[in-house]
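Reviewing the structure listed below.
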Amino acid sequence: MGILLVAFVGLLTGDASMSADQIKATAVQVTADDLYNDRGNLVGKPVKFTAEVLQPGDDTMRVCGIAIDKYGFNDAMDKDILLDGDFSKITIYEHDEVYVYGVFKGQGSYTTVLGAERKIPMIKSAIVVPTGNKYK
């Protein structure tokens, strides 16, 4: 009974011990705005969204939401999101479109080069699936 309770609580809270299949199956569709404004009390819950890769990496990746303007450029590059996961087995380049699944960790922050404090949404246990599309 205790093991079932722990597993059930893990599913409800988006525990990092969730498998990739569990994260994908229970993820809620969100936008970058939802993550920046924490709409829907999303912290600790599995989420999914489509993104453009800004900075690929093996264990962290920076992506942004997608809002294509009339000239075909992404107008949402200022809505970047930090992903934490194992991306070493996939080939991803800047400007690739990807589907992202993971557990929303909440807002992280860092100090910019000019000394300003900046908040950024963070996704843990991220799973990145390339779509085959690329942006300008």
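Rule-based calculations on the coordinates, nothing more; no lab input. All values reported here derive from a predicted model rather than from experimental measurement. Note that we place each Cβ from the backbone using ideal geometry, even for glycine, and neighbour counts take in every protein chain shown.
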Exception for ALA51 within (1) free of Cβ contacts under 8 Å to residues at least 60 places away in the same chain; (2) over 15 Å from the mean Cα position of the chain (by Cα) falls at (2)
Out of (1) over 13 Å from the mean Cα position of the chain (by Cα); (2) among the aliphatic types (A, V, I, L, M); (3) more than 22 Å from TYR135 (Cα to Cα), the odd one out for LEU42 is which? (1)
Is there a residue being more than 18 Å from ASP33 (Cα to Cα), aliphatic (A, V, I, L, M) and touching a residue at least 40 places away in the same chain (Cβ under 8 Å) anywhere in the range 62-77? no
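Does THR112 count as within 29 Å of ASN41 (Cβ to Cβ) and of a type in the set (S, T, N, Q)? It would help to see each step written out before you state the result.
Numbers: within 29 Å of ASN41 (Cβ to Cβ): yes; of a type in the set (S, T, N, Q): yes.
So THR112 passes the test.
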Single residue of the range 110-132 satisfying the filter (crowded, with 20+ Cβ neighbours inside 10 Å and under 16 Å from VAL53 (Cα atoms)) that is nearest to the chain's Cα centre (by Cα): ILE123
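Quick check on the range 98-108. Is at least one of its residues without any contact (Cβ under 8 Å) to a residue 60 or more places away in the chain and more than 22 Å from MET18 (Cβ to Cβ)? Give the derivation first.
Narrowing the range 98-108 to residues without any contact (Cβ under 8 Å) to a residue 60 or more places away in the chain: 98-100, 108.
With more than 22 Å from MET18 (Cβ to Cβ) added as a condition, the list becomes none.
No: zero hits.
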